[in-house]
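Every number in this text was worked out from the coordinates using simple rules, so none of it is lab data. Predicted, not measured: the structure shown is a model, and the values here were computed from it. Positions of Cβ are generated from backbone atoms using ideal geometry, with glycine treated the same way; all protein chains shown enter the neighbour counts.
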Amino acid sequence: MEAHSSIFGNYSTIHGPKTPCYALKFASFSSSKQVLLRTHLSFPSNIAITEKRLRIRASVEEVHSEIVGPNVLEDSVRAKVRRKNLAVFVSGGGSNFKSLHEATVNGFIHGDIFVLVTNKPDCGGAHFARDKGIPVIFFPKVKDDSGLSSKDLVNAIRSYKVDFILLAGYLKLIPTELIRAFPRSILNIHPSLLPAFGGKGYYSMKVHKAVIASGARYSGPTIHYVDEEYDRGRILAQRIVPVLPNDTAEELAARVLHEEHKLYKEVVAALCEERIIWREDGVPLIQCKENLSLYK
Ligand code: GRF
């Protein structure tokens, strides 16, 4: 294990996994301060809430997990975690949807896409879903009365016993009814490092144009929980992508999209393996597969 120092404070990196795992950020914690984390461990028929105490000290080697040890989630254990039912929302080409679908089929993600929701029944994502035999729901209701109401959408998604909802380029606001019916269960991917370049009006190329115009040297995707405001829910994962001096918005978008596909798959894999825990202050953390006492 090797200790590093950065703008994020001190953290530890385990060599081996492709994506580094970090011990908790503890730049602002005093020596020996104890932090209480709640972890939701759910198994096929029950959900147990376990409290885990992490002792945070000034050196990496002194970070201990007192209850959960390393390598708890081996493949044999994963087999006992129920496979999750997923719903995906798209409005466009659906490259993230296609990449997530592939990951469910090849076993990288321990779940299956049961239903696709779209406001554009002719979009690339909807065509792909139909080709794969995935039911397509039209939402929201439009003038000719096609499309579901918010209440019907909630009922339809419940009828597929959906555990998690994944927004992948869905451009309409998610109704409050759905957010309340699926607390801490809806994720969105946004093509900038939130909270920068997010919120109403920041979508598609507008995001990348604004990033380039600002002079920011880094951009990248953010995956966050969805609440009632655009792009403001708790951040779950980010990936950094450089902004090059001569980048066009299209070039930057392509570079970010490439990382989006990788990041979304990893995050949804963690979600389906029940490796998300919630820090006391409400920030979600991803437990590293290789060592559940370390976080991404
Ligand atoms: C992605 O850039 C995503 O971050 C944003 O919408 C775009 C969707 O692209 N929310 P695709 O339809 O998945 O190709």
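Relative to the Cα centre, what is the charge dipole magnitude of the range 153-296, using +1 at the beta carbon of each Lys and Arg, -1 at the beta carbon of each Asp and Glu, and rounding to the nearest 20 debye?
80 debye
Testing the spin-label approximation: label points 7 Å from Cα along Cα→Cβ at Lys80 and Lys151. State their distance in nm.
It works out to 4.3 nm between the two label points.
So which of Lys132/Lys161; Lys120/Lys143; Lys151/Lys265; Lys141/Lys209; Lys209/Lys265; Lys132/Lys289 end up more than 22 Å apart by C-alpha?
Lys151/Lys265; Lys141/Lys209; Lys209/Lys265; Lys132/Lys289
Once the mean 1/r over all distinct Cα pairs of the range 105-255 is inverted, what Kirkwood radius in angstroms do you read off?
16.9 Å
Step through the residues of the range 104-120 one at a time and calculate ³J(HN,Hα) from phi using the Karplus curve (6.51 cos²θ - 1.76 cosθ + 1.60, θ = phi - 60°), rounding each to whole Hz and writing x for Gly and Pro.
Per-residue couplings from phi come out as 6, 6, 8, x, 5, 9, 8, x, 9, 8, 8, 7, 10, 10, 8, 9, 10 Hz.
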